[in-house]
1. Spin-label point model (7 Å from Cα, Cβ direction): what's the ASN52 to ARG161 distance in nm?
2. First measure r as the distance between the Cβ atoms of ALA102 and GLU146, then evaluate 1/(1 + (r/R0)^6) with R0 = 45 Å and state the FRET efficiency to the nearest 0.05.
3. Could I have the simple spin-label model distance between GLU19 and LYS128, label points 7 Å from Cα toward Cβ, reported in nm to one decimal?
4. Pull out a ≥ b ≥ c, the square roots of the eigenvalues of the alpha-carbon gyration tensor of the range 56-95, then state rounded if a/c is under 1.5, prolate if not and a/b is larger than b/c, and oblate in the remaining case.
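Readers should treat all values here as calculations from the given coordinates under stated rules, not as data from a laboratory. In this text, all values refer to a predicted model and were calculated from it rather than measured experimentally. Heads up, the Cβs are rebuilt from the backbone with ideal geometry, glycines too, and the neighbour counts pull from every protein chain shown.
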Amino acid sequence: MQGACCPQISDLTDMATIETLLSRTSKQDECLVWTGYVPKCGYGLVWHQGKNQQVHRVSYVLHKGEIPAGFKVLHSCDNRICINPNHLSVGTSKDNSDDMTAKGRSKHASGKDHHYSKLTKEIANEIKGRYKPYSRADGSLALSREFGVSQAAIYAVISGRTWK
């Protein structure tokens, strides 16, 4: 589904669009960077066929062809305002998310960086090494009191659901 910041592009034979793209880009390293309008969503927009359309999608269609329904145009360079067709490919939302995670750009904190985390990897390893079922000193209740977490958190560490 296309949002207001991501309309579907159809016929892109308009030479004025090509001229606009060429006149509003600058070369930075390997990227062709859009110097025209960029709204808060971070993707450059160009006026084409009576509406604003994302410039990287326009560039993709001009150079490589139509974008299949439900697909996104992904940037291999991770630069939202790059319109270099060599940096653009189509993919699903999952492809985009997997790429983001693989490149370390995910905003989802985990481990000790998560704002609710009370444990560290070292403490989790200590819990795994010390845990003895039904032990007064090293059972789940004793460990939970010692480290200031719930018994459920101790079981999550021991079972490998957290701190793998």
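1. Inter-label distance under the simple model: 4.5 nm.
2. Rounded to the nearest 0.05, the efficiency is 0.75.
3. Between GLU19 and LYS128, the simple spin-label model gives 6.5 nm.
4. Here the range 56-95 falls in the oblate category.
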